[in-house]
Amino acid sequence: MSGNIIKRHVVGVDVGVELTTYAIVDVQGGILAKESFRTSDYLKVNEYVSVLSEKILMLAEQNGGYETIRSVGISAPSGNFLTGSMENASNMPWKGHVPLAALLRDRLGLAVALGNDAHVTAVGERAFGAAHGLRNFIVVTISHGGLGSCIFLDGHTHLGTDGFAGEFGHICVKENGRQCNCGQKGCLEEYASARGLAETVREMIDIEGKDSILKDTDTLTLQVIADACEKGDEVAIEAFRRTGRYLGNALATYASLVDPEKIILTGDMTTYSKWMMDVLKESFETNIFQNLKGKVDIIISPLNNSERDVLGASALAWEVKEYSLFK
């Protein structure tokens, strides 16, 4: 009887620094159930995998049963699709090469695919979002954690020889510039991410001596800086504009190399895109190769930020070859 059951669901997992979110998703991208737990509670990866597998099994049984689950997809920091491992994730407690896909597969007895945040986001955009029907596009994720990207060429992800293609956030945009978590200096993500925006505000106040209502603010979050923009604070507004200019210039170089149909921006920072999109697009059009001027659209993803990563992980799950210990 079990052999006749149609495996119509997958599991999408988003491994974040603070929270892990997991969901049961159907083939149309419908989220049947979604729950979260604190990633940071588990300093040992084996303990984390045990908890995650138990929670997935429990949620699956509550939503159609384990027998209906085809596979699992994972979005993880520094995830490498080719190896199924998290590799040297600087912001996670598990160091070195962590074979997360294999560990979870052994626990669940199901096929598991793993990719980094940007790769998974791009797969989700193609399946359910703004890249549906496109063959050549770039997805760029802008968040507090940094800046990532993934390239689709001729309908396929371009991962590179070792799986690290698309490390857009770590191109150098300022020689001997701000220190990056990767160990280098002057990386783009230190200027065109949420933390880069906050650092720009601090530099304008502390180094350039500009007056701002943010002067005595201890925690410069995106929301705090955007609220200051709404109040007309010139430092906050200019910080967003500088961020947009850095990103627009870098995207122009990226597009000149790749010649994409679209560039899709995702991530928490896009919620406040109105403060930087005009200057971003202006600098993009100014610096892109002349034959591509006016031909590459830059758009904001229509997918819900709170659902995008698990949807992308679920799309990755549908692509992996089916496997089961119990066949």
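The values are calculated or read from the model by the stated rules, or taken from the named source; none is laboratory data. Quick caveat, the model's predicted, so the values are computed rather than measured. Note: ideal-geometry Cβ built from the backbone for every residue, glycine included; neighbour counts use all protein chains shown. We work out accessible area using only protein heavy atoms, side chains counted, and drop any ligands, DNA or RNA first. Shrake-Rupley method; radii C 1.70, N 1.55, O 1.52, S 1.80 Å.
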- [ ] Under 1.5 on a/c is rounded, so check that first for the range 138-180, then, if it is not, pick prolate when a/b is larger than b/c and oblate when it is not; a ≥ b ≥ c are the square roots of the alpha carbon gyration tensor eigenvalues.
- [x] prolate
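What does the charge count near GLU87 come to, summing +1 for each Lys or Arg and -1 for each Asp or Glu among other residues with Cβ under 15 Å from its Cβ?
-2
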Task: Helix 117-128 axis, angle to the chain major axis (alpha carbon atoms, nearest 10°) - done: 70
Task: Amide H within-cut-off set for GLY186, under 5 Å, with H built and near neighbours excluded - done: GLY177, ARG178, GLN179, CYS180
Task: In degrees, nearest ten, helix 277-287 long axis to first principal axis of the chain (Cα) - done: 80
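How large is Rg/Rh for the chain, to two decimals, with Cα atoms and a Kirkwood Rh?
On the way: Rg = 20.5 Å, Rh = 20.6 Å.
Using only Cα positions, Rg/Rh for the chain is 1.00.
Which entries in the list LYS185/LYS262; LYS44/LYS95; LYS174/LYS262; LYS262/LYS295 go over 19 Å, if you measure between the two C-alpha atoms of each? Spell out each step's value before the answer.
Values: LYS185/LYS262 29 Å; LYS44/LYS95 10 Å; LYS174/LYS262 26 Å; LYS262/LYS295 9 Å.
Long pairs (Cα-Cα over 19 Å): LYS185/LYS262; LYS174/LYS262.
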TODO: Pop out the carbon and sulfur fraction of the accessible area of the range 222-272 as a percent, whole number, probe 1.4 Å.
DONE: 45
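Let me know the volume per residue of the alpha-carbon convex hull for the range 1-89, in Å³. If you can, show how the numbers build up before the last one.
Values: hull volume 10.0 nm³, N = 89.
Given the Cα convex hull of the range 1-89, per-residue volume reads 112 Å³.
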Task: For the range 230-327, convex hull volume per residue from C-alpha positions, Å³ - done: 138
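How much accessible area per residue does the range 130-172 have, in Å², with a 1.4 Å probe?
Using a 1.4 Å probe on heavy atoms only, each residue of the range 130-172 averages 44 Å².
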Task: Helix-only mean residue ellipticity at 222 nm for the chain, each DSSP H run of n ≥ 4 adding -39500 (n - 2.57), per residue, nearest 500 - done: -11000 deg cm²/dmol
- [ ] Kindly express, to the nearest 10 degrees and within the range 0 to 90, the angle between helix 194-206's C-alpha long axis and the longest C-alpha principal axis of the chain.
- [x] 20
- [ ] Taking a cut-off of 18 Å between Cα atoms, list the lysines near LYS34, but don't count ones fewer than 8 places away on the same chain.
- [x] LYS55
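When a/c reaches 1.5 or more, the comparison of a/b and b/c decides; with that in mind, is the range 134-228 rounded, prolate or oblate per its Cα gyration tensor?
Here the range 134-228 falls in the prolate category.
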- [ ] Identify, among CYS180, ASN305, ALA102, the residue whose Cα sits farthest towards the positive end of the charge dipole of the chain, taking +1 on the Cβ of Lys and Arg and -1 on the Cβ of Asp and Glu, with the dipole about the Cα centre.
- [x] ALA102
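Treating only the Cβ of Lys, Arg, Asp and Glu as charged (+1, +1, -1, -1), what charge dipole size does the range 122-216 show about its Cα centre? Round to the nearest 20 debye.
Values: 9 positive and 13 negative charges, 34 e Å.
Dipole size: approximately 160 debye.
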Task: Straight-distance crosslink candidates among aspartates and glutamates, where the alpha carbon sits under 17 Å from LYS215 and sequence neighbours closer than 8 are dropped - done: GLU199, GLU203, ASP206, ASP227, GLU230, ASP233, GLU234, GLU238
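Rounded, prolate or oblate for the range 43-150? Axes are the square roots of the Cα gyration tensor eigenvalues, ordered a ≥ b ≥ c, and the cut-off for rounded is a/c under 1.5.
Numbers: a/c = 2.16, a/b = 1.22, b/c = 1.77.
Oblate, since a/c reaches 1.5 and b/c is not below a/b.
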Open item on the list: Given Cα positions, please report Rg to Rh for the range 96-179, the hydrodynamic radius being the Kirkwood one.
Closed with: 1.04
Open item on the list: Given Cβ point charges of +1 (Lys, Arg) and -1 (Asp, Glu) and nothing else, what value in debye, to the nearest 20, does the dipole of the chain about its Cα centre take?
Closed with: 740
Task: For the range 187-298: accessible area per residue (Å², 1.4 Å) - done: 47
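Arranged from highest to lowest average of other beta-carbon atoms within 10 Å per residue, in what order do the peptides 14-27, 217-230 appear?
Values: 14-27: 19.8, 217-230: 15.4.
Listed from highest to lowest mean packing, they are 14-27, 217-230.
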